[in-house]
Amino acid sequence: RGGARPLPAAMAGRAVLSGAGRVLLAGPALPAVPGPCPRRGCGEVAALRAMGFSQEQTQRLLALQPRLGPEQREAAAAQLLLLGLSAEAALALLERSPALLRLPTERLRERAEELRRLGLDGGR
């Protein structure tokens, strides 16, 4: 706080200070770093793929509620996967009951906990 922060080695010797602590770089551009994706939905695609959904399954899931926020869709998918369902089974359930995607995250979590308490797992 209050002091200058050291620059990463990749930026050493190329930085030019530009008022209010902002740094402008001189020279060739650095490679892209993880962060917000310039295309709408690509971060959501990556998150769903990391959960185990295939590219085709991810596209089907995104098509279910196109205007739905990514956090809501990811939360619903995560709760179903935590129940032990496979990605295909979770997607089939969401396709049959897309209203699950619109449930508030906390309500969905409570329902999933109740199902676990009752003994539901991926094999049953």
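In summary, Leu48 fulfils each of the numbered conditions (1) assigned to a helix (DSSP H, G or I); (2) modelled with pLDDT under 90; (3) under 26 Å from Leu120 (Cβ atoms) with the single exception of condition (2). Could you list all residues from segment 50-64 that are out of contact with any Asp or Glu (no Cβ under 8 Å at 6 or more places or on another chain) and under 13 Å from Leu91 (Cβ atoms)? Correct list: Gly52, Phe53, Ser54, Gln55, Glu56, Thr58, Gln59, Leu61, Ala63.
The values are calculated or read from the model by the stated rules, or taken from the named source; none is laboratory data. Keep in mind the model is a prediction, meaning the values are calculated, not measured. Cβ sites come from the backbone with ideal geometry, for glycine too, and all protein chains shown count toward neighbours.
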